[in-house]
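Quick notes on the structure that follows.
The values are calculated or read from the model by the stated rules, or taken from the named source; none is laboratory data. What you are looking at is a predicted structure, and each value in this text was computed from that prediction instead of being measured. Glycine gets a Cβ as well: all are built from the backbone with ideal geometry, and neighbour counts include every protein chain shown.
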Amino acid sequence: MLIEVKRRGHVQRMTYEEFEQRIIEGDIRAQTPVHFELVTGDGFLPAGDLELFQALADPSLMAFRRNLSHRGMPIVTAVLVGVQLRIYLASWAPDSEEWLQDKLMNWAPAILEQGEVWRMMSYGLLHIWFPHLLFNMLFLVYSGYHLERSVGRANLLLIYFGSVLTGGMLSMAMSMDRPSLGASGGVFGMLAAGVVVGWKYWEAIPVRARKYFGGALAWYIGYSLLSGLRSEGTDNWSHLGGLLGGGLIMTILEPQVFAARARANRITRGAIVTVLAAATLAIGLAGPRLVPLTRVDEDGWSLARPDYWKEGWTFTGDRGWFSPTLDANLSAATTVHPRPPVKRPRSSSSGSPVVDVRPS
């Protein structure tokens, strides 16, 4: 059974199954003229008048499929790449690399002791080593291009920076003495979000786009995780935190093209931003109280020192422990004084004490 579809001045013939698939993918719209002899007779009618079209053509799902079927400019993805490239180029200026690392990288001592909580976000835009930048940008473009078209720009921004933040928090908690930088946490979050999109909307994703979602991304995630585990200099906690954050955020979000859920989606985004901001504020306010302590015995004294402080000597020659920020230290010093002489009373020859009485 063949169905005729009039498009762009010519008639295209297709099978019934192909006609259904074209409707599902949004390629045939309500105003497209179709000729289906059993239903339309000898003439053409708008596809939207057919019961079949009305049953298959959910506007939200059609818009979702259409975004994945037609090429479009992923503006947010392009901006994220452009910003990170410019920051990298800025690091070439004299003294810039040192300043950028000193102020922007994720580093627990500066976050907890000095309240520089922005580091848990800013590190995700910073690269110093070109191969590191290139690898991250390739994965960011690959995952971001398809994810942005499927879930929308606002959702993509939230997924990226939410994953960077959750990755930064887990990295700070699990490796306090190691600084880190790079977009890996955000990229892992975007890959995880792509897996969740496939899990939630697999039937709605056009067949030719399914290779960018769901289990098809497992290879990329597995390869990146294994590569990180083989390298001592890789912040694997940031990778894991970003992976968990991105997956969780996408689990409770909906694509922006779902018009019926637009208000609920905005509320959900606002709630996620509020929770992440509250967690960041709590870390900033709690500060040093979050630093894990270790008790040490020194010259009979029991002291509690931060786990990641390094042992050294003060300028007075006392043994102590120093913050990596060099703004605080703890030392224990014991001073021994000689016992003062004991004065005995003078005695007479008879053994009685002599009392020296003087007139007032």
Test: residue in the range 199-209 that is in contact with a helix residue (DSSP H, G or I) (Cβ under 6 Å, 6 or more places away or on another chain) and either closer than 14 Å to residue 159 by Cα or crowded, with 20+ Cβ neighbours inside 10 Å (or both): no
Number of the exception - residue 327 against (1) surrounded by 14 or more Cβ atoms within 10 Å (Cβ to Cβ); (2) modelled with pLDDT of 80 or more: (1)
Among the residues listed as 182, 162, 167, the single one being outside any helix (DSSP H, G or I), under 27 Å from residue 214 (Cβ atoms) and assigned by TED's automatic domain parsing to the domain that holds residue 263: 182
Criterion: exposed (fewer than 15 other Cβ atoms within 10 Å of the Cβ) and under 30 Å from residue 160 (Cβ atoms) - qualifying residue of 282, 333, 304: 282
Members of the range 170-196 found to be in contact (Cβ under 8 Å) with a residue 60 or more places away in the chain and in contact with a His (Cβ under 8 Å, 6 or more places away or on another chain), listed by number: 181, 183, 185
Any chance residue 233 is within 20 Å of residue 120 (Cα to Cα), surrounded by fewer than 21 Cβ atoms within 10 Å (Cβ to Cβ) and free of Cβ contacts under 8 Å to residues at least 12 places away in the same chain: yes
Top-ranked residue in the range 8-34 [being in a loop (DSSP other than H, G, I, E, B) and under 18 Å from residue 62 (Cβ atoms); ranked as modelled with the highest pLDDT]: 32
When residues of the range 35-44 are limited to those that are surrounded by fewer than 16 Cβ atoms within 10 Å (Cβ to Cβ) and not charged (D, E, K, R), the one modelled with the highest pLDDT: 43
Residue selected from the range 58-97 under the condition exposed (fewer than 12 other Cβ atoms within 10 Å of the Cβ) and assigned to a helix (DSSP H, G or I), by the criterion nearest to the chain's Cα centre (by Cα): 83
Qualifying residue in the range 221-234 (condition: among the β-branched types (Val, Ile, Thr) and touching a Ser or Thr at 6+ places or on another chain (Cβ under 7 Å)): no
